[in-house]
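J.: Here's a structure for you.
The values are calculated or read from the model by the stated rules, or taken from the named source; none is laboratory data. All figures in this text were calculated on a predicted structure; none of them were measured in a lab. Cβ atoms come from the backbone with ideal geometry, glycine included; neighbour counts cover every protein chain shown.
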Amino acid sequence: MVSVINTVDTSHEDMIHDAQMDYYGTRLATCSSDRSVKIFDVRNGGQILIADLRGHEGPVWQVAWAHPMYGNVLASCSYDRKVIIWKEENGTWEKTHEHTGHDSSVNSVCWAPHDYGLILACGSSDGAISLLTYTGLGQWEVKKINNAHTIGCNAVSWAPAVVPGSLIDQPSGQKPNYIKKFASGGCDNLIKLWKEEEDGQWKEEQKLEAHSDWVRDVAWAPSIGLPTSTIASCSQDGRVFIWTCDDASGNAWSPKLLHKFNDVVWHVSWSITANILAVSGGDNKVTLWKESVDGQWVCISDVNKGQGSVSTSVTEGQQNEQ
């Protein structure tokens with residue numbers, strides 16, 4: 001049984017596009033077409049507004065929390081072509097960096113696994129993906145993948161910093177050989193997988209084709225080191241696919257249709273244990289899905305999101321297994 005445990009009145013003056021819990025599940029960040037980013041303390045079912053961050057000049061599409069080992073850091077991206085990184089210092093939230101390297105709307109931001117340092121991937125309607133790496137002393141290094149997706153990039157999601165199969169087959173005492181990878185989804189109906197080469201350049205490793213319209217979101221599932229890698233994708237075409245790869249080389253991905261909805265699907269988001277997928281779409285609903293023993297994906301909930309137009313899901317980073 002799934003139930004709504006808390007409703008937050010954000011007082012945003014326009015549509016909310018994203019809502020993200022922090023690592024500990026005690027704070028909620030939201031962003032809206034009203035150009036603001038808000039942070040709430042939601043401990044014990046409360047909702048105290050901590051910060052109302054103004055700096056964007058257009059609708060704010062997405063927010064992303066960095067790992068707390070880097071302090072309280074939040075990234076936001078907007079139609080105004082900017083990415084802003086906010087940081088809390090002595091109880092006050094301030095803008096710590098502004099990235100203005102895109103020529104069009106920035107639609108998605110995603111922090112890399114904390115093992116790699118403070119790295120932010122940003123996907124834009126200009127077709128490029130930029131990677132911002134914190135190098136210390138307030139400086140950020142920028143790498144850009146131009147023409148990552150023709151017409152535009154809608155979503156970016158990092159692979160976990162876990163070598164597939166390492167849970168079973170980890171050489172003792174050896175430091176794992178991490179290879180940075182992330183997935184992106186675009187207006188070319190494609191999902192692309194990117195990998196960092198030894199010289200630090202990013203290379204397209206794989207194209208995943210199944211959607212017949214814009215890919216709206218991609219989500220690489222968390223992993224504890226089992227051999228299978230998993231990615232969820234959703235699209236303007238109303239379909240959600242679960243992609244799996246069982247070989248160590250990471251080349252053979254196969255799609256399985258989770259469900260065909262009657263409307264656009266905006267977002268997909270995994271629970272921290274990667275066994276529940278939250279899906280939200282234009283039908284104003286969030287549904288939760290779980291893989292059954294026989295490999296079929298079944299809906300374990302159907303949460304109506306109230307009245308009015310809501311374009312995205314609120315999925316807790318620390319969502320517990322039901």
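J.: Tell me, which residue of the stretch 225-245 that is surrounded by fewer than 18 Cβ atoms within 10 Å (Cβ to Cβ) and of a type in the set (Ser, Thr, Tyr) is nearest to VAL163 (Cα to Cα)?
T.: Top of the filtered list is THR228.
J.: On to the next question. Test each condition in (1) more than 17 Å from the chain's Cα centre (by Cα); (2) at pLDDT below 95 for ALA161 and report the one that comes out false.
T.: With respect to (1) more than 17 Å from the chain's Cα centre (by Cα); (2) at pLDDT below 95, ALA161 is out only on (1).
J.: Among the residues of the stretch 253-276, write down those that are surrounded by fewer than 17 Cβ atoms within 10 Å (Cβ to Cβ), farther than 18 Å from ASP294 by Cβ and of a type in the set (Ser, Thr, Tyr).
T.: Once the filter is applied, which keeps residues that are surrounded by fewer than 17 Cβ atoms within 10 Å (Cβ to Cβ), farther than 18 Å from ASP294 by Cβ and of a type in the set (Ser, Thr, Tyr), the stretch 253-276 yields only THR273.
J.: (1) of a type in the set (Lys, Arg); (2) within 16 Å of the chain's Cα centre (by Cα); (3) farther than 22 Å from SER124 by Cα: which one isn't true of LYS260, the others all being true?
T.: Every listed condition holds for LYS260 apart from (2).
J.: Of the residues HIS17, HIS12, only one is surrounded by 13 or more Cβ atoms within 10 Å (Cβ to Cβ), assigned to a loop (DSSP other than H, G, I, E, B) and not polar (S, T, N, Q); which?
T.: Values: HIS17 fails: assigned to a loop (DSSP other than H, G, I, E, B).
Going through HIS17, HIS12 in turn, the sole match is HIS12.
J.: Right, something else. Restricting to the stretch 60-117, and then to whatever is part of a loop (DSSP other than H, G, I, E, B) and acidic (Asp, Glu), can you tell me which residue is farthest from HIS12 (Cα to Cα)?
T.: Among those that are part of a loop (DSSP other than H, G, I, E, B) and acidic (Asp, Glu), it is ASP103.
J.: Considering only residues of the stretch 29-42 that are assigned to a strand (DSSP E or B) and touching a residue at least 40 places away in the same chain (Cβ under 8 Å), which is surrounded by the most Cβ atoms within 10 Å (Cβ to Cβ)?
T.: Among those that are assigned to a strand (DSSP E or B) and touching a residue at least 40 places away in the same chain (Cβ under 8 Å), it is CYS31.
J.: Mind listing just one residue for me: the one in the stretch 280-303 that is farther than 20 Å from HIS17 by Cα and in contact (Cβ under 8 Å) with a residue 60 or more places away in the chain and, of those, surrounded by the most Cβ atoms within 10 Å (Cβ to Cβ)?
T.: The residue in question is SER301.
J.: Quick check on my filter: what residues within the stretch 164-173 are modelled with pLDDT of 75 or more and on the phi > 0 side of the Ramachandran plot?
T.: GLY165
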